[in-house]
Amino acid sequence: MTKQRREFLSAIAGATVVGSAGCLGSGQSGGNGTEDGSGSGSGGSVPPVAEETLTLTTTTSTYDTGLLDALNSAFTEQYGAEVEAVAQGTGAALETGRNGDSDLVMVHARSLEDEFLREGYGVNRRDLMFNDFVIVGPSDDPAGISGMESAADAFATIAETESVFVSRGDNSGTHTKELIIWEEAGVEPGGDWYREAGAGMGDVLNQANQTPAYTLADRGTFISMRSEIDLEILVQGPIEGGPELLANPYGVIAINPGVHENVNYDLAMSYIGFITSPEGQQVIEDYTMNGEQLFFPEAVSEDPNFQQYVPEGWSADDS
């Protein structure tokens, strides 16, 4: 690991969550491999990337739910390499990649990902998995949005009634989606009822629970915290028949070694190859909490989507 990378990880350790592979929490499932750590299919041989360390910047949702530990543990068992995972939110994770302080990013805001790719900082993007967003709030539902079929209408009603709404306010994938919904609703949020937390999903759910207030959450993090809070899902996403506007796809992108020669590109591509392989996708499929699936694999398909590799709308004729 380079001196610059060590300084980066040291600097953020006190401000953000940093996790290494192999930290599965109780009550969570996921991950596989041989008990001796040699990795399935390796025949006991040590892969070339063994003893190396991968730096991954990612969203708080993948970390807070525990899925990241499941994926990283399975990768370490297979390849012998460790993963330093930094949970920052999509905007911050991509900025870390721009600075060359991570080897790859795992994020969930396609518009921000496309900008990152067009700028040349990322290469070899892959669709990874999806879940959806849900609008949650107190059970007494003071704004009366329960069961609404339109996320934009629900947001407009929250604004009209000036019911308290806690926003991530951190340029994360969830915050990006929230701003899209406000725009769709024709509302520019502000005032005492609209509170920007500047925090991760878990913290925002706790703040909304304590207030109480409404917020936009990814389904996975909400499920992982459901037993700890009194909030309820009031507007469903497309997984439960809600609007497609609340879809939440995740992508993984390697940092371009042509821009930052210090990145561990080979290891990043090994990781991308593993988590988008049938084995890695099975880890995602099998990962549950309290019997509920949190994420749905999307990388393996009989009909592959080649648009996933490049910015949406890109063609060879682009200038």
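Taking loop as defined by DSSP and a crowding limit of 12 other beta carbons within 10 Å, which GluC sites (Glu not before Pro) in region 131-235 fit?
Within region 131-235, the qualifying GluC sites (Glu not before Pro) (loop, at most 12 other Cβ atoms within 10 Å) are 149.
Please give, to one decimal in nm, the separation of the simple spin-label points placed at residue 119 and residue 141, each 7 Å out from Cα toward the Cβ.
Output for this residue pair reads 4.1 nm.
Starting from the 7 Å offset along Cα-to-Cβ, what nm value, one decimal, do you get for the label separation of residue 183 and residue 50?
According to this spin-label approximation, the distance is 5.0 nm.
Quick one: net charge of residue 62's neighbours, Cβ under 11 Å, K/R +1, D/E -1?
-3
Would you mind counting up the charge near residue 249? Only other residues with Cβ under 14 Å from its Cβ, with Lys and Arg at +1 and Asp and Glu at -1.
-3
Please check which bits of region 278-319 a label hung off residue 247 would reach, taking the label as a point 7 Å along Cα-to-C-beta and the cut-off as backbone N under 18 Å.
Flagged as within label range: 295-314.
Read-outs: derived from the displayed coordinates by stated rules, not from any lab. Since the structure is predicted, the reported quantities are computational estimates derived from the model, not experimental observations. All Cβ positions, even for glycine, are placed from backbone atoms using ideal geometry, and neighbour counts span all protein chains on display.
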